[in-house]
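The values are calculated or read from the model by the stated rules, or taken from the named source; none is laboratory data. Every value quoted in this text rests on a predicted model; they were computed, and no experiment measured them. The protein model used for the area step is the full one, side chains on, heavy atoms only, and it has no ligands, DNA or RNA in it. Shrake-Rupley method; radii C 1.70, N 1.55, O 1.52, S 1.80 Å.
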Amino acid sequence: MSRPTIFVLILCGIVLTTCNTYRTFYKSTYDLNTSSIKNTQRVHVRDFPNDSVYLILSKYKNIRSLNLSNRKSLHLDSVLNKIANPEKLNVLILDSLDLEKLPESITQFSQLKQLSLNHNPNLDVSQALLTVKNLPLEFLNLQQNELTDLPVSFSELQSLEDLNLSRNNLQKHQALQALEKLPKLKSLWLTHNQLTYVPKSLFTLKRLKNLYLEHNLLTEIPLEIRNMEKVWILHIGHNLFTSLPEAFTTMPRLLLLHSNDCKISKIPDSYASKTSNIMGLILDNNPLSDSVKTKWEKELRHYFLLSLE
(Lines give C-alpha, C1' and ligand atoms only; values in the text may rest on other atoms or scores of the structure.)
Protein backbone atom coordinates (compact mmCIF):
# COMPACT_ATOMS: atom_id res chain seq x y z
CA MET A 1 0.00 0.00 0.00
CA SER A 2 1.47 3.37 -1.02
CA ARG A 3 2.26 6.10 1.50
CA PRO A 4 -0.35 8.56 0.06
CA THR A 5 -3.02 5.84 0.30
CA ILE A 6 -2.11 5.14 3.92
CA PHE A 7 -2.28 8.88 4.67
CA VAL A 8 -5.74 9.14 3.13
CA LEU A 9 -7.04 6.16 5.11
CA ILE A 10 -5.65 7.52 8.36
CA LEU A 11 -7.10 10.96 7.75
CA CYS A 12 -10.50 9.51 6.82
CA GLY A 13 -10.44 7.57 10.08
CA ILE A 14 -9.70 10.74 12.00
CA VAL A 15 -12.58 12.53 10.27
CA LEU A 16 -15.00 9.77 11.16
CA THR A 17 -13.80 9.77 14.76
CA THR A 18 -14.44 13.50 15.15
CA CYS A 19 -18.02 13.00 13.99
CA ASN A 20 -18.73 10.42 16.68
CA THR A 21 -18.40 12.34 19.92
CA TYR A 22 -21.86 11.17 21.01
CA ARG A 23 -21.00 7.51 20.46
CA THR A 24 -20.58 5.18 23.42
CA PHE A 25 -19.23 1.66 23.36
CA TYR A 26 -21.89 -0.09 25.44
CA LYS A 27 -24.55 -2.54 24.42
CA SER A 28 -27.95 -1.68 22.95
CA THR A 29 -30.18 0.81 24.77
CA TYR A 30 -33.20 -0.67 26.56
CA ASP A 31 -36.36 0.83 27.93
CA LEU A 32 -36.68 0.42 31.64
CA ASN A 33 -38.20 -3.03 32.20
CA THR A 34 -37.79 -6.15 34.29
CA SER A 35 -36.05 -8.25 31.63
CA SER A 36 -32.35 -8.45 30.82
CA ILE A 37 -31.56 -6.63 34.05
CA LYS A 38 -28.34 -8.47 34.74
CA ASN A 39 -26.45 -7.49 31.58
CA THR A 40 -28.11 -4.21 30.63
CA GLN A 41 -25.62 -1.35 30.36
CA ARG A 42 -27.71 1.35 28.65
CA VAL A 43 -31.13 2.39 29.91
CA HIS A 44 -33.60 4.98 28.59
CA VAL A 45 -36.37 5.82 31.08
CA ARG A 46 -39.36 6.64 28.88
CA ASP A 47 -43.02 6.23 29.84
CA PHE A 48 -42.92 4.21 33.02
CA PRO A 49 -44.85 5.53 36.06
CA ASN A 50 -42.67 7.35 38.55
CA ASP A 51 -43.12 4.73 41.27
CA SER A 52 -42.01 2.01 38.89
CA VAL A 53 -38.90 3.97 37.92
CA TYR A 54 -37.73 4.26 41.51
CA LEU A 55 -38.47 0.58 42.17
CA ILE A 56 -37.07 -1.01 39.02
CA LEU A 57 -34.03 1.21 38.47
CA SER A 58 -32.42 0.09 41.70
CA LYS A 59 -32.33 -3.50 40.41
CA TYR A 60 -29.92 -2.70 37.59
CA LYS A 61 -26.34 -3.33 38.69
CA ASN A 62 -24.34 -2.57 35.55
CA ILE A 63 -25.69 0.69 34.13
CA ARG A 64 -23.05 2.60 32.19
CA SER A 65 -25.40 4.97 30.35
CA LEU A 66 -28.68 6.43 31.65
CA ASN A 67 -31.11 8.63 29.71
CA LEU A 68 -33.74 10.48 31.77
CA SER A 69 -34.69 12.99 29.08
CA ASN A 70 -38.19 14.52 29.04
CA ARG A 71 -39.18 12.95 32.37
CA LYS A 72 -39.97 16.27 34.07
CA SER A 73 -42.24 14.71 36.68
CA LEU A 74 -39.44 12.61 38.15
CA HIS A 75 -37.66 13.85 41.24
CA LEU A 76 -34.14 13.83 39.84
CA ASP A 77 -32.31 13.59 43.15
CA SER A 78 -34.40 10.56 44.18
CA VAL A 79 -33.76 8.83 40.86
CA LEU A 80 -30.01 9.36 40.96
CA ASN A 81 -29.85 8.02 44.50
CA LYS A 82 -31.55 4.81 43.37
CA ILE A 83 -28.77 3.85 40.99
CA ALA A 84 -26.84 0.83 42.18
CA ASN A 85 -23.07 0.90 41.75
CA PRO A 86 -22.96 4.61 40.79
CA GLU A 87 -19.22 4.37 40.17
CA LYS A 88 -19.99 2.42 36.97
CA LEU A 89 -22.02 5.18 35.30
CA ASN A 90 -20.16 6.90 32.45
CA VAL A 91 -22.94 8.65 30.49
CA LEU A 92 -25.85 10.68 31.92
CA ILE A 93 -28.44 12.38 29.69
CA LEU A 94 -30.69 14.95 31.39
CA ASP A 95 -32.21 16.72 28.39
CA SER A 96 -35.45 18.74 28.53
CA LEU A 97 -36.09 18.40 32.26
CA ASP A 98 -36.71 22.07 33.11
CA LEU A 99 -33.76 21.90 35.47
CA GLU A 100 -32.80 24.92 37.52
CA LYS A 101 -30.00 23.30 39.49
CA LEU A 102 -28.09 20.04 39.46
CA PRO A 103 -28.53 17.94 42.62
CA GLU A 104 -25.46 17.12 44.70
CA SER A 105 -26.24 13.44 44.22
CA ILE A 106 -24.63 13.64 40.77
CA THR A 107 -21.23 13.79 42.46
CA GLN A 108 -21.49 10.09 43.37
CA PHE A 109 -20.81 9.18 39.73
CA SER A 110 -17.06 9.22 40.10
CA GLN A 111 -16.44 7.91 36.56
CA LEU A 112 -18.90 10.13 34.69
CA LYS A 113 -17.40 11.00 31.30
CA GLN A 114 -20.35 12.39 29.31
CA LEU A 115 -23.09 14.70 30.57
CA SER A 116 -25.91 16.13 28.46
CA LEU A 117 -28.00 19.07 29.73
CA ASN A 118 -29.58 19.99 26.43
CA HIS A 119 -32.66 22.24 26.50
CA ASN A 120 -32.72 23.30 30.14
CA PRO A 121 -32.95 27.09 29.61
CA ASN A 122 -33.56 27.88 33.29
CA LEU A 123 -30.49 26.00 34.45
CA ASP A 124 -28.01 27.81 36.66
CA VAL A 125 -25.03 26.83 34.53
CA SER A 126 -22.47 28.23 36.94
CA GLN A 127 -23.90 26.14 39.80
CA ALA A 128 -24.02 23.08 37.55
CA LEU A 129 -20.36 23.41 36.57
CA LEU A 130 -19.24 23.87 40.16
CA THR A 131 -21.24 20.81 41.16
CA VAL A 132 -19.52 18.54 38.61
CA LYS A 133 -16.06 20.11 38.73
CA ASN A 134 -14.46 17.08 40.41
CA LEU A 135 -15.90 14.57 37.95
CA PRO A 136 -13.75 13.35 35.02
CA LEU A 137 -16.04 14.88 32.37
CA GLU A 138 -14.78 14.64 28.80
CA PHE A 139 -17.95 15.69 26.96
CA LEU A 140 -20.56 18.28 27.96
CA ASN A 141 -23.69 19.15 25.99
CA LEU A 142 -25.24 22.57 26.74
CA GLN A 143 -27.33 23.08 23.62
CA GLN A 144 -30.51 25.17 23.69
CA ASN A 145 -29.93 26.80 27.07
CA GLU A 146 -30.29 30.44 25.96
CA LEU A 147 -26.68 31.19 26.84
CA THR A 148 -25.35 34.62 25.91
CA ASP A 149 -22.13 34.31 27.88
CA LEU A 150 -20.18 31.59 29.68
CA PRO A 151 -19.52 31.66 33.44
CA VAL A 152 -15.95 31.69 34.72
CA SER A 153 -16.63 28.36 36.43
CA PHE A 154 -15.97 26.68 33.08
CA SER A 155 -12.30 26.84 34.02
CA GLU A 156 -12.99 24.17 36.67
CA LEU A 157 -13.61 21.48 34.02
CA GLN A 158 -9.98 20.56 33.51
CA SER A 159 -10.67 17.16 31.93
CA LEU A 160 -13.16 18.47 29.31
CA GLU A 161 -12.33 17.54 25.70
CA ASP A 162 -15.58 18.10 23.77
CA LEU A 163 -18.12 20.89 24.32
CA ASN A 164 -21.39 21.46 22.47
CA LEU A 165 -22.73 25.03 22.77
CA SER A 166 -24.98 24.93 19.71
CA ARG A 167 -28.36 26.66 19.53
CA ASN A 168 -27.52 29.38 22.04
CA ASN A 169 -26.79 33.08 21.48
CA LEU A 170 -23.06 33.43 22.07
CA GLN A 171 -22.39 36.54 19.99
CA LYS A 172 -20.42 38.69 22.40
CA HIS A 173 -16.74 39.20 21.56
CA GLN A 174 -15.70 37.78 24.93
CA ALA A 175 -18.45 35.18 25.17
CA LEU A 176 -16.02 32.27 25.04
CA GLN A 177 -13.24 33.70 27.15
CA ALA A 178 -13.96 31.29 30.00
CA LEU A 179 -12.82 28.39 27.80
CA GLU A 180 -9.24 29.65 27.62
CA LYS A 181 -8.18 27.70 30.70
CA LEU A 182 -9.38 24.29 29.52
CA PRO A 183 -6.12 22.46 28.71
CA LYS A 184 -7.72 19.45 27.00
CA LEU A 185 -10.50 21.07 24.96
CA LYS A 186 -10.21 19.75 21.40
CA SER A 187 -13.74 19.96 19.90
CA LEU A 188 -16.20 22.86 20.04
CA TRP A 189 -19.67 23.17 18.50
CA LEU A 190 -21.09 26.67 17.91
CA THR A 191 -23.71 25.85 15.28
CA HIS A 192 -27.04 27.71 15.20
CA ASN A 193 -25.85 30.64 17.34
CA GLN A 194 -26.95 33.41 14.97
CA LEU A 195 -23.32 34.52 14.71
CA THR A 196 -22.74 37.46 12.37
CA TYR A 197 -19.06 37.52 13.31
CA VAL A 198 -16.69 35.13 15.05
CA PRO A 199 -16.22 36.02 18.74
CA LYS A 200 -12.64 37.23 19.23
CA SER A 201 -12.22 35.08 22.31
CA LEU A 202 -12.48 32.03 20.06
CA PHE A 203 -9.04 32.78 18.62
CA THR A 204 -7.41 32.27 22.04
CA LEU A 205 -8.33 28.56 22.01
CA LYS A 206 -5.01 27.45 20.61
CA ARG A 207 -5.38 23.79 21.62
CA LEU A 208 -8.63 23.26 19.70
CA LYS A 209 -8.53 20.69 16.87
CA ASN A 210 -12.13 20.47 15.63
CA LEU A 211 -14.38 23.51 15.19
CA TYR A 212 -18.01 23.57 14.06
CA LEU A 213 -19.49 26.91 12.95
CA GLU A 214 -22.26 25.73 10.62
CA HIS A 215 -25.72 27.29 10.39
CA ASN A 216 -24.80 30.84 11.36
CA LEU A 217 -24.86 34.22 9.55
CA LEU A 218 -21.15 34.62 8.90
CA THR A 219 -20.00 36.58 5.84
CA GLU A 220 -16.27 36.76 6.55
CA ILE A 221 -13.52 35.29 8.73
CA PRO A 222 -10.78 37.51 10.21
CA LEU A 223 -7.10 36.64 9.80
CA GLU A 224 -6.85 36.11 13.56
CA ILE A 225 -8.18 32.61 13.02
CA ARG A 226 -4.62 31.67 12.06
CA ASN A 227 -3.84 31.89 15.79
CA MET A 228 -5.80 28.66 16.21
CA GLU A 229 -2.66 26.72 15.48
CA LYS A 230 -3.96 23.19 16.01
CA VAL A 231 -7.33 23.24 14.23
CA TRP A 232 -7.24 20.61 11.50
CA ILE A 233 -10.96 20.07 10.84
CA LEU A 234 -13.25 23.07 10.31
CA HIS A 235 -16.96 23.10 9.46
CA ILE A 236 -18.33 26.44 8.21
CA GLY A 237 -21.19 25.27 6.00
CA HIS A 238 -24.65 26.89 5.87
CA ASN A 239 -23.32 30.44 6.30
CA LEU A 240 -23.49 33.53 4.04
CA PHE A 241 -19.99 33.60 2.52
CA THR A 242 -19.92 34.72 -1.12
CA SER A 243 -16.20 34.05 -1.44
CA LEU A 244 -14.27 31.27 0.27
CA PRO A 245 -12.43 33.14 3.07
CA GLU A 246 -8.71 33.51 2.41
CA ALA A 247 -8.00 33.38 6.14
CA PHE A 248 -8.33 29.59 6.09
CA THR A 249 -5.23 29.27 3.91
CA THR A 250 -3.17 30.87 6.70
CA MET A 251 -4.13 28.28 9.32
CA PRO A 252 -0.97 26.23 9.93
CA ARG A 253 -2.57 22.80 10.48
CA LEU A 254 -5.94 22.97 8.73
CA LEU A 255 -6.40 19.78 6.71
CA LEU A 256 -10.13 19.46 6.04
CA LEU A 257 -12.51 22.35 5.31
CA HIS A 258 -16.29 21.84 5.02
CA SER A 259 -17.81 24.88 3.24
CA ASN A 260 -21.00 23.41 1.84
CA ASP A 261 -24.37 25.15 1.40
CA CYS A 262 -23.15 28.75 1.50
CA LYS A 263 -23.36 31.39 -1.25
CA ILE A 264 -19.80 30.95 -2.46
CA SER A 265 -19.20 31.78 -6.12
CA LYS A 266 -15.50 32.66 -5.90
CA ILE A 267 -12.38 30.86 -4.68
CA PRO A 268 -9.37 33.15 -4.06
CA ASP A 269 -6.11 32.36 -5.85
CA SER A 270 -4.41 31.81 -2.50
CA TYR A 271 -6.01 28.35 -2.40
CA ALA A 272 -3.75 27.32 -5.26
CA SER A 273 -0.68 28.14 -3.21
CA LYS A 274 1.58 25.30 -2.12
CA THR A 275 1.93 26.97 1.29
CA SER A 276 -1.53 25.88 2.40
CA ASN A 277 -1.78 22.61 4.33
CA ILE A 278 -5.40 21.99 3.31
CA MET A 279 -5.86 18.55 1.80
CA GLY A 280 -9.64 18.27 1.75
CA LEU A 281 -12.24 20.80 0.59
CA ILE A 282 -16.01 20.31 0.41
CA LEU A 283 -17.90 23.04 -1.46
CA ASP A 284 -21.12 21.24 -2.34
CA ASN A 285 -24.31 23.24 -2.95
CA ASN A 286 -22.60 26.56 -3.66
CA PRO A 287 -23.30 28.72 -6.78
CA LEU A 288 -19.95 27.97 -8.44
CA SER A 289 -19.97 28.39 -12.20
CA ASP A 290 -18.84 25.54 -14.44
CA SER A 291 -15.71 27.46 -15.38
CA VAL A 292 -14.78 27.99 -11.73
CA LYS A 293 -15.34 24.31 -10.99
CA THR A 294 -13.20 23.27 -13.95
CA LYS A 295 -10.38 25.59 -12.91
CA TRP A 296 -10.28 24.41 -9.31
CA GLU A 297 -10.70 20.73 -10.06
CA LYS A 298 -7.45 21.09 -11.99
CA GLU A 299 -5.70 23.36 -9.46
CA LEU A 300 -6.60 21.16 -6.50
CA ARG A 301 -6.23 17.75 -8.10
CA HIS A 302 -3.65 16.84 -5.43
CA TYR A 303 -6.26 17.11 -2.65
CA PHE A 304 -7.20 13.79 -1.09
CA LEU A 305 -10.82 15.00 -0.96
CA LEU A 306 -12.39 17.60 -3.24
CA SER A 307 -16.11 18.03 -3.84
CA LEU A 308 -17.59 20.91 -5.84
CA GLU A 309 -21.01 19.45 -6.59
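Could you look at the chain and say what percent of its accessible area is carbon and sulfur, using a 1.4 Å probe and all protein chains? Each step should come with its number before you reach the end.
Working: 7160 of 14840 Å².
C and S atoms contribute 48 percent here.
Return the subset of K200/K295; K263/K295; K172/K209 for which the Cα-Cα distance in this structure is over 24 Å, preserving the input order.
Details: K200/K295 34 Å; K263/K295 18 Å; K172/K209 22 Å.
Beyond 24 Å: K200/K295.
Quick one: which of K72/K133; K184/K266; K82/K133; K133/K230; K72/K113 span more than 28 angstrom between C-alpha atoms?
Violating the 28 Å Cα-Cα cut-off are K184/K266.
Could you work out the Rg to Rh ratio of the stretch 197-253, with Rh taken as the Kirkwood radius (inverse of the mean 1/r over all Cα pairs)?
Computed over Cα atoms, the ratio is 0.92.
Which value does Rg/Rh take for the stretch 152-309 over its C-alpha atoms, Rh per Kirkwood?
Taking Rh as the inverse mean 1/r over Cα pairs, Rg/Rh reads 0.98.
Using only the Cα atoms, work out Rg/Rh for the stretch 70-114, with Rh taken as the Kirkwood radius, to two decimals.
0.94
Looking at the chain as a GNM with Cα springs under 10 Å, which of H173, H119, H258 has the largest mean-square fluctuation?
Fluctuation is largest for H173.
If the viscosity is 1.567 mPa s and the temperature 4 °C, what Stokes-Einstein diffusion coefficient in µm²/s follows for the stretch 223-309 when Rh is the Kirkwood radius over Cα pairs?
It diffuses with D of about 101 µm²/s by this estimate.
Under a 10 Å cutoff between Cα atoms, tell me which one of N120, N285, N216 has the largest fluctuation in the Gaussian network model of the chain.
Judging by the Gaussian network model, the answer is N285.
Quick check for you: with a 1.4 Å probe and neighbouring chains kept, what is the accessible area per residue of the chain, in Å²?
With all protein chains present, the chain gives 48 Å² per residue.
Just tell me which aspartates and glutamates come within less than 17 Å, Cα to Cα, of K61; anything on the same chain fewer than 8 places away is out.
Leaving aside aspartates and glutamates fewer than 8 places away in the same chain, those within reach of K61 are D31, E87.
Of the residues E229, E214, E100, which exhibits the maximal mean-square fluctuation in a Gaussian network model of the chain defined by a 10 Å Cα contact cut-off?
Of E229, E214, E100, the most mobile in the Gaussian network model is E100.
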